[in-house]
Amino acid sequence: MRLFAAVVPPDEVLDELERAIAPHVGQVPGLRWPDRATWHITVAFFGEVPERVLPDLRVRLARAVHRHTVPTLAFTGFGAFSSVSRARVFWAGLSGDPMTRLADSVRAGGRRAGAVQTDEKRFHPHLTLARARAETDLRPLVASLSGFTGSTWRAESVRLVKSEQGAQVRYESLDEWALASPARD
């Protein structure tokens with residue numbers, strides 16, 4: 001099964017993003033805009049994971065997640081991979097806690113459990129909003145959204161998600177773990 005770990009922002013924060021991009025959806029030739037129900041911030045991508053690995057993966061991810069405190073985040077700015085002028089992925093960026101240590105811990109837990117296809121690229125927290133099959137110049141789109149800054153929010157938990165590929169990608173949440181509450185002064 002194809003698995004990843006993700007943070008899902010609260011609905012009111014996704015509402016803000018949806019309102020910001022609404023005038024642009026369907027306006028850029030070649031961009032495909034996935035359904036909002038699939039929006040998430042990938043913390044770690046594990047690829048194809050044998051079913052026998054799942055019990056140990058759950059235990060290790062729970063440990064990894066519980067070691068990190070709830071980050072405060074905000075969507076700020078938009079960008080693209082591989083670049084804004086040669087884009088295949090259009091995304092909303094995040095400010096606040098970069099979640100890099102959380103991502104490193106979750107990836108390490110995945111590797112130790114036997115998720116051998118774990119993605120080792122440098123973690124870049126973002127929420128994918130659209131994809132293109134061919135490189136597309138998104139400089140006008142990114143420029144038109146440059147003033148957007150969303151409300152701050154707290155990422156309270158991390159989910160283990162199963163991804164089913166096909167004509168329409170489907171996600172199924174298999175488990176969810178709460179991040180630790182920040183220490184009080």
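The values are calculated or read from the model by the stated rules, or taken from the named source; none is laboratory data. Treat the numbers as computed from the prediction; the structure is a model and nothing was measured. A quick note on method: Cβ atoms are made from the backbone with ideal geometry, for glycine too, and the neighbour counts reach across all protein chains shown. To get the accessible areas, we keep the full protein, side chains included, count just its heavy atoms, and leave off ligands, DNA and RNA. Shrake-Rupley method; radii C 1.70, N 1.55, O 1.52, S 1.80 Å.
Just a few scattered comments:
- Scope region 143-165; condition open to solvent by 70 Å² or more (accessible area, probe 1.4 Å) and in contact with a Gly (Cβ under 9 Å, 6 or more places away or on another chain); matching residues: 146, 149, 152
- Test: residue in region 104-116 that is surrounded by fewer than 15 Cβ atoms within 10 Å (Cβ to Cβ), in contact with a Lys or Arg (Cβ under 7 Å, 6 or more places away or on another chain), among the small types (Gly, Ala, Ser) and closer than 24 Å to residue 47 by Cβ: no
- Scanning region 90-103 for residues being in a loop (DSSP other than H, G, I, E, B) and either open to solvent by less than 50 Å² (accessible area, probe 1.4 Å) or among the aromatic types (Phe, Trp, Tyr) (or both) gives a total of 1.
- Some residue of region 166-174 being closer than 25 Å to residue 45 by Cβ, open to solvent by less than 40 Å² (accessible area, probe 1.4 Å), touching a helix residue (DSSP H, G or I) at 6+ places or on another chain (Cβ under 7 Å) and not polar (S, T, N, Q): no
- Count - residues of region 149-170 that are modelled with pLDDT under 95, on the phi < 0 side of the Ramachandran plot and not polar (S, T, N, Q): 4
- Subset of region 127-185 (residues that are polar (S, T, N, Q) and more than 24 Å from residue 7 (Cβ to Cβ)): 136, 144, 146
- Scope region 1-31; condition open to solvent by less than 40 Å² (accessible area, probe 1.4 Å), at pLDDT 95 or above and β-branched (Val, Ile, Thr); matching residues: 7, 13, 21
- Answer residue from region 40-76, given it is within 14 Å of residue 162 (Cα to Cα) and part of a loop (DSSP other than H, G, I, E, B) and is most open to solvent (accessible area, probe 1.4 Å) among those: 50
- Hits in region 51-99 (condition: among the β-branched types (Val, Ile, Thr) and out of contact with any strand residue (DSSP E or B) (no Cβ under 8 Å at 6 or more places or on another chain)): 53, 59, 84
- Residue satisfying condition, being of a type in the set (Asp, Glu), free of Cβ contacts under 8 Å to residues at least 24 places away in the same chain and over 30 Å from residue 26 (Cβ atoms), within set 120, 51: 120
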